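The values are calculated or read from the model by the stated rules, or taken from the named source; none is laboratory data. What you are looking at is a predicted structure, and each value in this text was computed from that prediction instead of being measured. Neighbour counts run over all protein chains shown; Cβ positions are idealised from the backbone, glycine included. Remember, those area values only see protein heavy atoms, side chains included, never the ligands or the DNA or RNA. Shrake-Rupley method; radii C 1.70, N 1.55, O 1.52, S 1.80 Å.
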Amino acid sequence: MQYGPAVRRRKLGAELRALRARTGLTSGDAARLVGWHQSKVSRIETGASGVKPADVRLLLDAYGVVETELRELLLILAGSHDGGRDHWWHAYRGVLPPTYRDFISLESQASAMRTLETSVVPGLLQTPEYARAVTRAAVEGLDEERLDALVEVRLARQDVLRAHRPLELTAVLDEAVLRREVGGPEVMARQLRRLVEAGRLPQVRLQVLPFRAGAHIGITGPFVILSFPSTSDLDVVVLDHMTSSLYLERKEDLQAYSEAFNTLRTHALSPEDSLDFIAGIGDDT
């Protein structure tokens, strides 16, 4: 169980270790190839120390890694700001806490997201008015300038659903998400219409967990599972708390949350019935 920067170091190190092993090199061999001491390679691979993007490039070149997506993802994990994608969130460094920036950087490189939401609409599907109301309620004492910036970030994150290779989003929404009036009736009605529109996109799958399903395995709180192209070893579970985000990286944790998500989907309405359900609530709003 780790916080963002630590989990990124560990995952980066594990992937570099696997790539080295794929070439048949020992850590000593790798160190000689790039002109380092063997202990530096070991510290990087165990996540005991951070690593500069330039050093990651050296190792990837030494291991003959040419896959563009994999190189870019590993450079992002190393904190590179000059990869092939626009890292727009760096413009908001003064507004966003480090854990939120880490989450956005991982989200921007993920190929799929599975999420359980028990209280609010997923950020990737929020309308501007809904996002503003949620942000104002969640963070007390915000001045208008900071509030505007946080809403801008929330909306900019949604570009992952419109990318050339869009993020595949699968969301299970507790019925409470749809019933909780956020921002007033008009804001909520527009938000529900937005959900129906989004649910018809090929890269989005929405399922509603109705109240009649009773107690369920997700009742303890929401979670997000991010999956990545090229390797499943980088998959991570993210749990949001009031002041931070917690990252779970162990295979046992990933398996447990994946199984829990699959169970939730079996108890939820089908995607087709879910959109009808959402539209019905919207008609009554």
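Where residues in the stretch 226-238 are open to solvent by 30 Å² or more (accessible area, probe 1.4 Å) and not in a helix (DSSP H, G or I), which of them is modelled with the highest pLDDT? Quick ask: steps written out before the conclusion?
Kept after step one, since they are open to solvent by 30 Å² or more (accessible area, probe 1.4 Å), are these residues of the stretch 226-238: 229-230, 232-233.
Those left that are additionally not in a helix (DSSP H, G or I): 229-230.
Numbers: PRO229: 76, SER230: 64.
Across the stretch 226-238, the extreme among qualifying residues is PRO229.
Okay, residues lined up against (1) part of a loop (DSSP other than H, G, I, E, B); (2) open to solvent by 90 Å² or more (accessible area, probe 1.4 Å); (3) within 16 Å of MET113 (Cβ to Cβ); (4) assigned by the TED database to the domain that holds ALA163:
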residue: MET188; (1), (2), (3), (4): no, no, no, yes
residue: ALA198; (1), (2), (3), (4): no, no, yes, yes
residue: ARG212; (1), (2), (3), (4): no, yes, no, yes
residue: ILE219; (1), (2), (3), (4): yes, yes, no, yes
residue: ALA256; (1), (2), (3), (4): no, no, no, yes
residue: THR263; (1), (2), (3), (4): no, no, no, yes
residue: GLU272; (1), (2), (3), (4): no, yes, no, yes
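Name the residues in the stretch 160-179 that are crowded, with 18+ Cβ neighbours inside 10 Å and either out of contact with any strand residue (DSSP E or B) (no Cβ under 8 Å at 6 or more places or on another chain) or not in a strand (DSSP E or B) (or both), would you?
VAL160, LEU167, GLU175, VAL177, LEU178
How many residues does the stretch 34-57 hold that are in a helix (DSSP H, G or I) and closer than 17 Å to ARG9 by Cα? Full working, then the answer.
Let us first name the residues in the stretch 34-57 that are in a helix (DSSP H, G or I), namely 34, 38-46, 53-57.
Those still in the list that are closer than 17 Å to ARG9 by Cα too: 39-46, 53-57.
Qualifying residue count, the stretch 34-57: 13.
Read through the list (1) within 21 Å of HIS267 (Cβ to Cβ); (2) part of a helix (DSSP H, G or I); (3) open to solvent by less than 70 Å² (accessible area, probe 1.4 Å), then give the number of the only condition that ARG157 fails.
With (1) within 21 Å of HIS267 (Cβ to Cβ); (2) part of a helix (DSSP H, G or I); (3) open to solvent by less than 70 Å² (accessible area, probe 1.4 Å) applied to ARG157, the lone miss is (1).
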